[in-house]
Structures are given as structure tokens and as C-alpha cells.
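Reading through the C-alpha cells given below for one structure.
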Amino acid sequence: MLKNKSVSLIGFGKSNQALYSYLKKKGIDPIIRVPTECNLPQNAKAVVGGDYLDAQEDFVFRSPVVRPDKINTNGRIYTEIGYFLENTGAIKIGITGSDGKTTTSSLIYEMLRAQGLNAHLGGNIGTPLIDKLDTLRESDLCVVELSSFQLFDIKPRLDIGIITNISQNHLDWHLDMNEYVSAKKNILTNAEQVVLPYGLFSKKHLKGKKITYFSLDNLEPYMEKGASYVYLKDDYIYRNGKPLMRASELWLRGRFNLLNFLCATSACFDYVSVDTLQLVAREFKGVECRMQTVCTRDGITFIDSSIDSTPTRTLATLSALEAGRVVIILGGYDKGLDYSVLKDALLKTRAVVLCGENKEKILPHIREHKRIIITSTLKEATQSAIYCATDGDCVVLSPASASFDMFENYKARSRAYRQAINEILDKK
């Protein structure tokens, strides 16, 4: 499709870097378009500066963070993952949602692998899949995490389309909440099977779909012919009235993680056995930077949940921790979200340490708290949190914000937090 066509890449992040390598192997020499100087491949054709969005090539591959309506072109606009999904013949399982999509995607991948199936994990989770495009078989399964940025202008044909949940997110990029929800719903349009939280959307929008609903509530009173149901009842996980396992078998803690497991189970039931579901439940330890225990020192447990980039994620983290025994480090890059929802949960913490560009936006919602500390750097915040904590407490980095005010991504923020812990504790 791209042969003998002009191609450009707008932005040169991880997905377009992988795409560049793929295209070069195909004998295609794309133009890289970036707003400022950056580290580009040697001898690469490039447009740098103010007119980088004026892309008159036949095919324009945008970085997911670039809105397509900002690009001046008559060509076809793609993303790396959109092109991959359109051209692969493998089985495609797409996952999106405001929270939990990384954990759910990872759970699905681990379930498929534990069953002995040839599965691949990628997309927004950080691993571009384009380099696998020419080697995948029809029996391979691709588990693809998709953000609203990636779904904004595509309605991919999927074997299974999944939405974990929807709450406020990325309102610094989307025009409003309606546009954000619309982008998320694109994952359902051309999916043969859909997996959804019970009650998320009206059934009239799901006509002709094979549907599986999941919920932490007992769905038996609501079950209707033609749909499947995975739910919690009396500490057991059920599917369509049949018990699968005890919820207490999960290694992961927190109701939000149980919900992620129910969602993953809903997607995998046609591919894996109950024994495999139980095995993964007992052995899956979670994803990087999501409620990971860093260490325990002097009776204080340090928890890294740097991936918590929204208030709802932070609420989920706090719900899994003992009220009154938490010192939380909060704040970062502002995505235009409502932080008032955090008020009640934060008032139950021992102390709140604010750090990041949005700290003044969070502060008005917690002025009633008896102990608020405002800091300038993450190391300073970590030092202050340690000072506030006592034996039996936990210090948790759960920012409720993105990382881009100070760090490249949430993983870089995590590394800085862990480094600060080590440096401070080593001096004690």
C-alpha cells in the first residue's frame, strides 16, 4: 500500500521510531517532521520547525499526541498502531479505558501465554507492534492497549473490543469530555465481541454485538439471553451463574484490581481454561509502578504508584490502603482534571505532600487537612513524606497527575522517587 508513495512521520517518539525502521527495511525513505531539533537517524530526511505540520505527502503518520486536525495535509493520516491493526491478519484484542487498561492488558496477555498461546502485547503500553506485522500468523493473538489519542481517528476491526471504565482524563488534549468519550467508543464500532462494565452504555449502541458484561455486583438478577456476565457474588467470581474461583485467590489486592481481573477474564474465557485463570490469579504480581512496594524501613513501607495519572487512579490506590496510615505524595502535570473528587479520601491520610505544577490547583480542595506540605522537587517531597510518617505508616507516590512537568514519563518519575528513597534512607 505504501510502495511508490510519499510518506512522512510527524513526531519521532517510540511508535514513529519503530515505524521508521520498518519503512526503511521496506525500501521506503520517509520524511521526519518535528517541531524542534532532536536526535534523528543519520542521513534522515527531516523538516524541523514551524511548518512541520504542513505535510503534503501521500501518507502521514502522526505521533499519537498530535491531533490530526492540526495537520495540514491532503494525504491519508495514520498512526503506527492504526496501520498495524488495519493490515494484520492476526487475532486482535483491543483494550482502552480511563483507568486499569495497562493492568487489564497485561492480565490478558499473561492468561493467553499461560495457556500456551502465541500472544503479543503492545500499543500504548509502550511496545510498538509494527515490526511484527510481516511475521504474525492468523492464529497469533495481539493484545493492544489503545489510548484515546490513538482511537481518535480510527475505528479498528477487532475480534474483541474492551473498555475498562470511563472517567475524566486528558482534557488538556481533548476539546471536552464528549470528544474524549467518543474517541473511547471507537473501539467498539467494528469489534465482533465487546467487553464492558455493566451499565456503561445503553444497549441500543451495541446492537448486533456479542457482549460480555463484568461487575463487582451480582448480575444474576439482570442477566438476559444473548449476553455473557462475569461478576462477584459471596467472594466468588461467577460466569453466567457458574462459580469460577474465590476472589480471595487473587494475589493482587484492592477492588480495582479485582475489577481488572473480571474484565480480563471476560475477554479470555473463549481462549483459556478455568485452571489457567486460577493460575494467573495466584501468580500475577501487577504492572510496573502500580502499587509496587519499594521497601520497608524503620516500620515505614514505601509504595510506588507513579502510574496513577488521574484522580480516580489515586482514589483506587488509597482505597486499598489503611485509612489514617498513609502519607501521600501528590501532584504533577495538569491534564485539566477535577481534583475535588480526592477531598474525602485525602482528609483520611496522615499527611499530604504536594509537588508539581498543579499543586496550587489541588490545594484548595484539601485546606481542611491538618498536615499539608508544599514542596518544589520530588526528592524534597520524599524527604518531607518520610519526616511525616511513623512506624506502621506507608509513604506512597500516587500523583493523580501526569509526569510531564518534571519527567519524560511516569517510569522516569518512578526511578527518581526510588532513587530519592535510597539516598535519604542511606543518610539516616
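The numbered conditions (1) in contact with a Ser or Thr (Cβ under 7 Å, 6 or more places away or on another chain); (2) modelled with pLDDT under 95; (3) within 20 Å of L129 (Cα to Cα) are all true for Q56 except (3). Taking the conditions exactly as written (outside the structural domain of V272 (by TED's automatic domain parsing) and either outside any strand (DSSP E or B) or of a type outside the set (A, V, I, L, M, F, W, C) (or both)), does D69 satisfy them or not? Considered against the rule, which asks whether it is outside the structural domain of V272 (by TED's automatic domain parsing) and either outside any strand (DSSP E or B) or of a type outside the set (A, V, I, L, M, F, W, C) (or both), D69 comes out as yes. Among the numbered conditions (1) among the basic types (K, R); (2) farther than 30 Å from L279 by Cα; (3) surrounded by 15 or more Cβ atoms within 10 Å (Cβ to Cβ), the only one that K92 does not meet is (2).
Using the structure shown, decide if T127 is of a type in the set (V, I, T) and without any contact (Cβ under 8 Å) to a residue 40 or more places away in the chain. Write out each step before concluding.
Working: of a type in the set (V, I, T): yes; without any contact (Cβ under 8 Å) to a residue 40 or more places away in the chain: yes.
Against the criterion (of a type in the set (V, I, T) and without any contact (Cβ under 8 Å) to a residue 40 or more places away in the chain), T127 qualifies.
Every residue, every condition in (1) under 22 Å from D99 (Cα atoms); (2) surrounded by fewer than 18 Cβ atoms within 10 Å (Cβ to Cβ), yes or no:
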residue	(1), (2)
S266	yes, no
V272	no, no
V280	yes, no
K285	yes, yes
C295	no, yes
D298	no, yes
D308	yes, no
P311	yes, no
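Yes/no per residue for (1) surrounded by 16 or more Cβ atoms within 10 Å (Cβ to Cβ); (2) in a strand (DSSP E or B); (3) assigned by TED's automatic domain parsing to the domain that holds L279; (4) touching a Leu at 6+ places or on another chain (Cβ under 9 Å):
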site	(1), (2), (3), (4)
G126	no, no, yes, no
E138	no, no, yes, no
F149	yes, no, yes, no
D159	yes, yes, yes, yes
I162	yes, yes, yes, yes
W173	yes, no, yes, no
K185	yes, no, yes, yes
G199	no, no, yes, no
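Considering region 407-428, the residues that are assigned to a loop (DSSP other than H, G, I, E, B) and over 17 Å from L330 (Cα atoms) include one that is modelled with the lowest pLDDT, namely K428.
The condition of being under 23 Å from the mean Cα position of the chain (by Cα) and not in a helix (DSSP H, G or I) holds for only one of I95, I108, that being I95. Of everything in region 376-427 that is among the basic types (K, R) and free of Cβ contacts under 8 Å to residues at least 40 places away in the same chain, the residue that is nearest to F302 (Cα to Cα) is R415. Residues of region 287-328 that are over 24 Å from the mean Cα position of the chain (by Cα), without any contact (Cβ under 8 Å) to a residue 40 or more places away in the chain and in a strand (DSSP E or B): T296 alone.
Which of the residues that make up region 124-170 are over 17 Å from the mean Cα position of the chain (by Cα), closer than 21 Å to Q193 by Cα and among the aliphatic types (A, V, I, L, M)?
At the first step, the residues of region 124-170 found to be over 17 Å from the mean Cα position of the chain (by Cα) are 130-141, 153-160.
Still in the running and closer than 21 Å to Q193 by Cα: 137-141, 153-160.
Matches in region 124-170: L141, I154, L158, I160.
Candidates in region 222-251 are the residues that are out of contact with any helix residue (DSSP H, G or I) (no Cβ under 7 Å at 6 or more places or on another chain) and outside any strand (DSSP E or B); of these, the one that is nearest to A281 (Cα to Cα) is S248. Condition first: surrounded by 15 or more Cβ atoms within 10 Å (Cβ to Cβ) and either without any contact (Cβ under 8 Å) to a residue 12 or more places away in the chain or within 28 Å of the chain's Cα centre (by Cα) (or both). Now tell me which residues in region 36-58 satisfy that. Scanning region 36-58 gives L40, L53. Please go through region 224-252 and give me each residue that is surrounded by fewer than 16 Cβ atoms within 10 Å (Cβ to Cβ) and in contact with a Phe, Trp or Tyr (Cβ under 7 Å, 6 or more places away or on another chain), ordered by number. Within region 224-252, N240, P243, R246, W251 meet the criteria.
Quick check on region 337-367: of everything there that is touching a Lys or Arg at 6+ places or on another chain (Cβ under 8 Å) and not hydrophobic (A, V, I, L, M, F, W, C), which residue is farthest from H174 (Cα to Cα)? Talk me through it step by step, then tell me what you get.
We begin by selecting, within region 337-367, every residue touching a Lys or Arg at 6+ places or on another chain (Cβ under 8 Å); these are 339, 350-352, 365-366.
Filter again for not hydrophobic (A, V, I, L, M, F, W, C), leaving 339, 350, 365.
Numbers: Y339: 18, R350: 35, H365: 24 Å.
Top of the filtered list is R350.
Of all residues in region 345-372, those that are of a type in the set (S, T, N, Q) and more than 13 Å from D334 (Cβ to Cβ) total 1.
Test A320 against the stated conditions and say whether it is out of contact with any His (no Cβ under 9 Å at 6 or more places or on another chain), surrounded by fewer than 20 Cβ atoms within 10 Å (Cβ to Cβ), modelled with pLDDT under 95 and not assigned by TED's automatic domain parsing to the domain that holds T212.
Taking the combined requirement at face value, the residue satisfies it.
Residues that are surrounded by fewer than 17 Cβ atoms within 10 Å (Cβ to Cβ) and over 14 Å from L259 (Cβ atoms) within region 207-217 comprise K207, G208, K210, listed in sequence order. Inspection of region 32-49 finds a residue satisfying the criterion of being assigned to a loop (DSSP other than H, G, I, E, B) and among the charged types (D, E, K, R).
The values are calculated or read from the model by the stated rules, or taken from the named source; none is laboratory data. Fair warning: this is a prediction, and the values are worked out from it, not measured in the lab. Counting neighbours? That spans all protein chains shown, and the Cβs are built from the backbone with ideal geometry, glycine included.
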